[in-house]
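Data block below; observations after.
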Amino acid sequence: MKWEKQESDTFEDRRGMSGGKKAILGGGAIGIIVLLLKLFGGESGQNIGNIIEQTQGNQTEQTSTQTRELSPEEKEMGDFSESVFVYNCKTWTTILQENNRSFEKPGMVLFDDAVSTACGDASSSAGPFYCPGDQKIYMDLRFFQELKSRFGAEGGDFAIAYVIAHEMGHHIQKLLGTSDKVRQLQSGKSEAEANKLSVCLELQADFYAGVWAHYNKNLLEEGDIEEALSAANAVGDDAIQKKMQGQVVPDSFTHGTSKQRMEWFMKGYNSGDIKQGDTFSALLN
């Protein structure tokens with residue numbers, strides 16, 4: 001991906017910092033670790049997912065101290081992540097204006113090991129996630145090493161861009177009221193029914209990631225879309241379940257199959273039209 005250094009006043013790089021509060025919980029919108037907890041951890045895994053995705057409140061204050069210097073490669077990855085975040089904010093400002101809506105800039109935090117959020121405390125095993133309580137994207141960039149080594153993704157810088165754009169998609173859902181409506185609809189539903197709504201929400205975030213890529217074709221290089229699709233394929237519910245437990249249980253899907261994730265990303269990329277991202281009508285009717 002072609003990029004130039006961009007800066008944002010709502011971007012924080014806390015890597016190499018250690019805080020005074022140990023974080024123990026995890027959850028994520030890409031959701032690899034939460035998904036595994038839900039598969040193998042029973043009720044506790046479900047509770048962790050709920051805390052990260054639903055809890056509202058004030059962000060916990062946490063004092064931090066510098067514990068290590070970032071390597072040149074880490075600094076470059078941080079600069080890249082901040083720049084992609086800024087590109088997302090600029091793009092969605094334009095898209096929402098075109099649809100007579102206003103964009104409220106979220107925050108983004110890079111961290112190591114653990115972080116405190118308005119949605120609870122999260123460990124680095126959480127994977128990237130969006131917290132609606134403080135409207136921030138949280139990401140430990142070491143997640144992408146695991147995505148490549150354990151789950152077979154190609155890697156590459158556009159895999160990172162895809163994940164950031166996916167998490168920004170959750171922020172757009174928050175601004176448009178979609179995520180709050182889904183949480184209301186999930187109340188009182190069976191786990192299988194609630195999971196179907198979660199799948200729709202996640203696939204729509206993939207669609208929004210594709211829309212962002214559509215608006216930024218001038219930044220794309222050969223192989224970028226393939227990197228995004230490889231990442232989407234690696235985090236499909238069916239791919240993860242088959243790898244981790246040897247069988248696929250569709251009723252427990254929370255993010256969609258590999259095929260669905262790739263298809264909805266490409267639909268967003270090819271159309272560039274947010275009105276075509278109604279995953280709920282497409283999958284529930």
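The values are calculated or read from the model by the stated rules, or taken from the named source; none is laboratory data. All of these numbers come straight from a predicted model, not from anything done at the bench. Heads up, the Cβs are rebuilt from the backbone with ideal geometry, glycines too, and the neighbour counts pull from every protein chain shown. Please note that ligands, DNA and RNA were not included when accessible areas were found on the heavy atoms of the full protein model with its side chains. Shrake-Rupley method; radii C 1.70, N 1.55, O 1.52, S 1.80 Å.
Evaluating residue 279 against the criteria (1) in contact (Cβ under 8 Å) with a residue 40 or more places away in the chain; (2) surrounded by fewer than 19 Cβ atoms within 10 Å (Cβ to Cβ); (3) not aliphatic (A, V, I, L, M) leaves one unmet condition, (2). Quick one: in region 134-177, of everything that is over 24 Å from residue 214 (Cα atoms) and among the charged types (D, E, K, R), which residue is surrounded by the fewest Cβ atoms within 10 Å (Cβ to Cβ)? Looking at residues that are over 24 Å from residue 214 (Cα atoms) and among the charged types (D, E, K, R), I get 150. Does any residue of region 210-230 turn out to be under 24 Å from residue 194 (Cβ atoms), among the aliphatic types (A, V, I, L, M), in contact with a Gly (Cβ under 9 Å, 6 or more places away or on another chain) and open to solvent by less than 10 Å² (accessible area, probe 1.4 Å)? No, every residue in region 210-230 fails to be under 24 Å from residue 194 (Cβ atoms), among the aliphatic types (A, V, I, L, M), in contact with a Gly (Cβ under 9 Å, 6 or more places away or on another chain) and open to solvent by less than 10 Å² (accessible area, probe 1.4 Å). Screening residue 248 with (1) modelled with pLDDT of 95 or more; (2) among the aliphatic types (A, V, I, L, M); (3) outside any helix (DSSP H, G or I) gives one miss only, at (1). When residue 208 is tested against (1) touching a Ser or Thr at 6+ places or on another chain (Cβ under 8 Å); (2) under 28 Å from residue 271 (Cα atoms), just one condition goes unmet, and that condition is (1). Taking region 112-231 and the helices (runs of 4 or more DSSP H) fully enclosed by it, the elements with 2 or more residues that are within 30 Å of residue 69 (Cβ to Cβ) and either aromatic (Phe, Trp, Tyr) or touching a residue at least 40 places away in the same chain (Cβ under 8 Å) (or both) are at 143-149, 157-176.
Scan region 121-133 for residues that are in contact with a Gly (Cβ under 6 Å, 6 or more places away or on another chain) and either within 18 Å of residue 209 (Cα to Cα) or among the aliphatic types (A, V, I, L, M) (or both) and jot them down. Across region 121-133, the qualifying residues are 122, 126, 127, 128, 129. Looking only at region 249-275, count how many residues are free of Cβ contacts under 8 Å to residues at least 60 places away in the same chain, within 11 Å of residue 199 (Cα to Cα) and buried (at least 20 other Cβ atoms within 10 Å of the Cβ). Looking only at that region, the number is 3. Note on region 85-116: residues that are among the hydroxyl-bearing types (Ser, Thr, Tyr), open to solvent by less than 40 Å² (accessible area, probe 1.4 Å) and at pLDDT 95 or above amount to 2.
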